[in-house]
Structure formats: structure tokens, C-alpha cells
Amino acid sequence: MDKFNTLTSVAAPLPLINVDTDMIIPARFLKTIKRTGLGADLFSTLRFQEDGSEREDFVLNKPAFRNSEILIAGKNFGCGSSREHAPWALLDFGIKCVIAPSFADIFYNNSSKNGILLIKLPQEQIDKLMKDAELGANATMTVNLEAQEITGPDGDVIKFEVDAFKKHCLMNGLDDIGLTMEKSDKIAAFEASQKVKIT
Amino acid sequence: MNNATTLYDKLWNSHIVDEQEDGTCLVYIDRHLVHEVTSPQAFDGLRNERRNVRRPDLTLAVADHNVPTTDRDKKIDDEESKIQIDALEKNCADFGIELYSMKDIRQGICHVVGPEQGFTLPGTTLVCGDSHTATHGAFGSMSFGIGTSEVEHVLATQTLLLTKCRNMRVTVNGSLPNGITAKDLILAIIGKIGTAGGTGAAIEFAGEALKSLTMEGRMTVCNMTIEAGARVGLFAPDEKTFEYLKGRPKSPKGAAWEAAVEYWKTLKTDETAIFDEEIVMDVSEIKPQVTWGTSPEDVVAIDGCVPNPAQETDTNKRNKMERSLEYMGLAAGTPMTDIQINTAFIGSCTNSRIEDIRAAASVVEGRKVANGVQALVVPGSGLVKEIAEQEGLDKIFIDAGFEWREAGCSMCLAMNADKLGPGERAASTSNRNFEGRQGPGGRTHLVSPAMAAAAAVKGHLVDLDDLD
């Protein structure tokens, strides 16, 4: 997993609420046994017509936003299915940070385990960032995870909260399986104590 | 100080292996269900790091999402699906995990198979790389869906790093009237609290109307907890739970059974426990439910109409409503019972158990599927299918013009050949009416099994009371 520190990019505005993981990556693209290559089908139905040509009005198809690494969206982003293909598709496309008023729980976990930073902000601040983002190519934002700050195109700074452990893992690109395996004695002790209850 | 705890607190507290300074806990996982779609990358991760599966004996695998529901003797036409199913078989063989193959009568949707085999037990923690894992909470098991990185974490360590959910209780009081099913209750609950209403919460279900449900009904309710945003849904185990589990292949036997039941009886919320949030409803306010839009919170009573976005004051919500109505091809004010359907789908981890099949069959018996409607019944497992056939239910469906299929997820998420075409409209017993969920451009109305059967017969959404 890549380390996350600061990110400067044009931000793509996606002012939809309840963006579900079927919308991020429809189920028909889940028939893969790999983590890579899913970016081609990110937001497939929103991005492409039935004949496979691009929908010009979709934000990630507009020239200014094609290389956005930041996405700004409405509340409850990532609801629905637990498919980790959703963060894989975002990452494969190049999106490393999503900013929204709220996220669905499973998507939130899945994203942080893939080095994607999700930032929750109050609706008023989202509204402002959404307006900033609509300025397009000349309006880059900078996300600084260590300082927990977003600097908008006008130089305004917005502070954000992030779970301390997730921040640590993101900044250091840590694989938490390795960390947990260091506790295998504790796991074994738990297993030994538990057998009386449920087998 | 109030030391009283909720059922969720008890399940959580009894599974903590280690607690970090920031409150994140390492939680032991007693049961892990594995399927073909969210596991291949996890097994690859294990191989890359030369790791083993810590407890293959606590792990059970079954292919469900991708499997064809037609003739199982033929090879799978879809090459990608075949690769994924073959990969599951190889991974299970390599790592010593029990797998119910496509030819095994125990094969089916993992959330039907787990309880059916007694793999799901009260007091356990149970995970699966599928958001509908909340289903197993019907047994008083702390069950929740996880992503593939977490699947790998559980395979390698039999634990997960978690932060505790807040405690929420949804109580539906009153005695359940005829014609109101578990599906109607959970759709009405989602309609009330919204699709993000349970985010960050574990929901315990209480109240006479909910407690009076059968185990199948409780599974339907817990299954859709995730559609209200909550990862965990719970019922306290009771005599119905024990009755359902007794004698199942993987349930404890003999003295172990007796000891287990004694322990399971302690698994309930203390009377003085305090929830972070309480929602109380009365069953008298709940009618048969149907969705009109593209989120499970978009529900109305079957005798209602498509709502008007102009009456919504929140701009974001109004925009979403307008988008939904355009996608669904519906005009505000249309009576729900005027909506014609092309397809009726009875199946999915929400509604494919024997009770669901019986409810649909009782509506279908002596009637015919309307002209131009494709109607499917996809039992939740080979065993559900077998019981239904022993009861002659397959003949009722086939005589009426339904297709009687093999077990799998099927049209719930359209990963196999069963899908809606663009603009086609379904009355579906599944759990998600998202855009494109049942096929690109497909339109979904979520309903109970009886309502889906009635819609198949009439060719449009219909109130059960209005069947001839």
C-alpha cells in the first residue's frame, strides 16, 4: 500500500447523495480475480453510453477533471455492497481522496485499507468545496494528512478529523495483517479460553 | 453507575482479544463464510506473503454470486464466472477449507446455507465478504459484511481490527396483522430511518411484531439492516432460535447442545441498558410496502402513489428524487398499483427460504402468470429447493408459468445470466433497487414474496387484498 501524505490535485465535483458501490463499479465487472484494471469501469453507467462511448456531461469525462485525484461527493457515499472492488476501481482510476459529508461504514474501512483517504466534513464546507471544484482546471486543492488540512484554491484552510490509527496506517502504508500476526500469542490464548463456550 | 449492557455489548465484550490505546479492538471471529467474488484476491494475498489460513475449521465456502441457475450439468458458458468459481475450488483445496461445490445439494446462497447447516450460532461473531452478512444476526450472532482486505485478515489471523458500533434499538409494537410480512416491516423501518440512519450502529430489533416473526422472517429483517446503513442487526435468541438450530448438521450435539442453550439464554439486553438511539414504531402504521425509486429508503405503501419531488424541500434529496424518477420512468402521482412489470423475481438472500417460497406459492396456486411477464423462482439453496419439491411447490409454480431454477444469487445482482434488460421493470424480493443493480437500465421495485407473486399474476404491482 502506498503511503499517503500530501496530495495536490484538481477535485472533481459529484453532487449526488447515496452514491452506492453498484454505481461505483457494477456487479458485472466483479468477475475478476485481480485487484487491478478496474479503473476502466469506474462509474461505468455514469461515464459511458450503451454503445461504449463517453457521456460528455459526466464530470470525469470533462477535460478539466480527467486526471482528478480528489472526488467531492454528497452524503452516504459508498453505501450498499461490501465490494472492495469499489475502492480498487477508484484507486486504479487515480482517485486517492474522497471528501463527503458521510460515508457508509464498510466502504470507509475498505478504502483506508487501500490507502485512500476519506474525509468527512459538514455539509456547508462540502458545499463550498463543491463550488471550488466546479472551477475546474485552475482550481487545485491540497490535502495534507499530517496537518489534517485542506487548502482550497483561494488559500482558505479547512481542518478535518481522522481516526488516529487509520491516519498512522495511511501515512506509513502499513499492512495491518502483519501487525495483527505479531499478536498471535494473544489470539491463541483467547482461543484456549473460549472453547468452553462455543465450539 | 449503570453496568447494564445490551446484547451487542455482550457479544462485543466476549470477543475482545486485545484493545489498543485509541479504543480500536482486535476482535475474534468465530465463523467465516467465503464465496467466489470477494475472496480470490484475499487468497492471492496469503500466497504472496506465504501465510496460511489460521482456522480452516471455522471457515466454510460456497459459490453463489456467479453460479448459473439453469442446467448445472452443462459447463458454465461465461468464461470469467467459470474462472472465479474454479479459483474458489482451488483456493479451498489448497488451504484446506470445506466447500459446497455446485453439484452439492447443500450449495446455495451463503446467507441461507450458514443457518441451514447450523454453522451460524447464537453468541458467535460471523463475517463474510458480503454486506448482507447481517442476516445471521437473526440468531443473536454478531455478524457483519467485510471487504476483501478484511477477508484476508480473517483468513490469516481469525480476527479483525474494529471500532465498536453505537447501540441502536428499533422496536415495532403491536401484533402482526395478516398480510404484513417481515419484508414489509424492514422496508417500513428503512423508509423511516433512511438508508444512512443506522450508519455506525448495531441495531437490535425488539417489540411484539418483530419478535413474533419466524426465524426466516427475522433473517429477512436482519438481512436488510445494511440497507439502513447498519452493519449489524440483532435479535435476542429465544426458543424459536433453539428450535430452528436443533439437529442441524453443524449445531452442537448432546451435552454440548444443552450447555450451549444455557449460555445462549443469557444473551439478551439487560432491562436497564441504555441505547444511544431508540426508534419505536407501531405495526398499525405499517402497510404492505413497495419501493418507487433507486434507494431502499424510497418506499410507499402499495395503496400509495409515486411521490412528487416538488414537495421535497432539501435540494440534494429533491435532485436525487428527480434522478430516480427519470431512471425509473415514473411520473409523480402515479398510483403504485398502475405500474406494469415485465419480470417477477422471487429469490435472493433476503427472501429465498422455504417460508418465502411457500408464501409465494400460496398466492400463485390456481393462477397463471400474466402475458408477457417472465417470472422466476430461485430457491436459496439446494436443500430449500428439495423441501419445496417434496411439498409440490415446484409444480404450482411451473403450472402457473414460472421458471423453477437452481440455487444462487441470480437476478438480485445480475452477475450471472439472469438479468433485466434496459428499461425492463421487475417486482423483486431482493434487497437493492439501485440503478443497474438487476442489469444495466433495469428498474426494480422491492416487495415481499407474496407481493412479487401477485404482481407476476396480475402483470402490475398489486395489493394482495385486490387479488380476485
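The values are calculated or read from the model by the stated rules, or taken from the named source; none is laboratory data. What you see is a predicted model, and the numbers here were worked out from it, not measured in a lab. Glycine gets a Cβ as well: all are built from the backbone with ideal geometry, and neighbour counts include every protein chain shown. Keep in mind that these areas ignore ligands, DNA and RNA; they rest on the heavy atoms of the full protein, side chains included. Shrake-Rupley method; radii C 1.70, N 1.55, O 1.52, S 1.80 Å.
Among the residues of segment B:59-79, which ones are crowded, with 19+ Cβ neighbours inside 10 Å and modelled with pLDDT under 90? Scanning segment B:59-79 gives a single hit, B:76.
Could you list, in sequence order, the residues of segment B:181-236 that are under 23 Å from residue A:107 (Cα atoms), open to solvent by 10 Å² or more (accessible area, probe 1.4 Å), aliphatic (A, V, I, L, M) and out of contact with any Gly (no Cβ under 6 Å at 6 or more places or on another chain)? The answer is B:193, B:226. Does segment B:80-94 hold any residues that are open to solvent by 30 Å² or more (accessible area, probe 1.4 Å) and touching a Leu at 6+ places or on another chain (Cβ under 9 Å), and which are they? Hits for segment B:80-94 are B:89, B:93.
Can you give me the number of residues within segment B:31-52 that are under 26 Å from the mean Cα position of the chain (by Cα), assigned to a helix (DSSP H, G or I) and either touching a residue at least 60 places away in the same chain (Cβ under 8 Å) or away from chain A (no Cβ under 13 Å) (or both)?
Looking only at segment B:31-52, we keep the residues that are under 26 Å from the mean Cα position of the chain (by Cα), and these are B:31-43.
So of that shortlist, the ones also assigned to a helix (DSSP H, G or I) come out as B:40-43.
Those left that are additionally either touching a residue at least 60 places away in the same chain (Cβ under 8 Å) or away from chain A (no Cβ under 13 Å) (or both): B:41-43.
Matching residues across segment B:31-52 total 3.
Among the residues making up segment B:377-411, those that are open to solvent by less than 40 Å² (accessible area, probe 1.4 Å), part of a loop (DSSP other than H, G, I, E, B) and out of contact with any His (no Cβ under 9 Å at 6 or more places or on another chain) are B:378, B:379, B:392, B:402, B:405, B:407. Any idea which residue in segment B:315-345 is nearest to residue B:357 (Cα to Cα), counting only those that are among the hydrophobic types (A, V, I, L, M, F, W, C) and part of a helix (DSSP H, G or I)? In this case the residue turns out to be B:336. Out of segment A:73-87, which residues are out of contact with any helix residue (DSSP H, G or I) (no Cβ under 6 Å at 6 or more places or on another chain) and at the interface with chain B (Cβ under 7 Å from one of its Cβ atoms)? Within segment A:73-87, A:75, A:76, A:79 qualify. Annotation: of all residues in segment B:422-447 being open to solvent by 10 Å² or more (accessible area, probe 1.4 Å) and not charged (D, E, K, R), the one that is farthest from the other protein chains (Cβ to nearest Cβ) is B:423. Under the condition of being over 16 Å from residue B:159 (Cβ atoms) and small (Gly, Ala, Ser), the residues counted in segment B:1-22 number 1.
When segment B:18-30 is filtered for residues that are more than 7 Å from chain A (Cβ to nearest Cβ) and either open to solvent by less than 70 Å² (accessible area, probe 1.4 Å) or part of a helix (DSSP H, G or I) (or both), the ones remaining, listed by number, are B:23, B:25, B:27, B:29. Close contacts from segment B:97-109, counting a first residue that is farther than 17 Å from residue B:378 by Cβ and a second that is surrounded by 19 or more Cβ atoms within 10 Å (Cβ to Cβ), with Cβ to Cβ under 6 Å and a gap of 6+ residues or different chains, come to B:97/B:59; B:97/B:61; B:98/B:60; B:99/B:61; B:99/B:92.
How many residues does segment B:317-376 contain that are open to solvent by 10 Å² or more (accessible area, probe 1.4 Å) and of a type in the set (Ser, Thr, Tyr)? Within segment B:317-376, residues that are open to solvent by 10 Å² or more (accessible area, probe 1.4 Å) and of a type in the set (Ser, Thr, Tyr) number 4. Every condition in (1) under 16 Å from residue A:72 (Cα atoms); (2) within 14 Å of another protein chain (Cβ to nearest Cβ) is met by residue A:166 except one, and the failing one is (1).
Can you say whether residue B:80 is without any contact (Cβ under 8 Å) to a residue 24 or more places away in the chain, within 25 Å of residue B:103 (Cα to Cα) and of a type in the set (D, E, K, R), as far as the supplied structure shows?
Working: without any contact (Cβ under 8 Å) to a residue 24 or more places away in the chain: yes; within 25 Å of residue B:103 (Cα to Cα): yes; of a type in the set (D, E, K, R): yes.
Here the answer is yes, as residue B:80 does meet what is asked.
Any idea which residue in segment B:251-268 is least open to solvent (accessible area, probe 1.4 Å), counting only those that are assigned to a loop (DSSP other than H, G, I, E, B) and not polar (S, T, N, Q)? This residue is B:267. Among the residues of segment A:25-55, the one identified as within 10 Å of another protein chain (Cβ to nearest Cβ), open to solvent by 40 Å² or more (accessible area, probe 1.4 Å), more than 17 Å from residue B:435 (Cα to Cα) and more than 20 Å from the chain's Cα centre (by Cα) is A:33.
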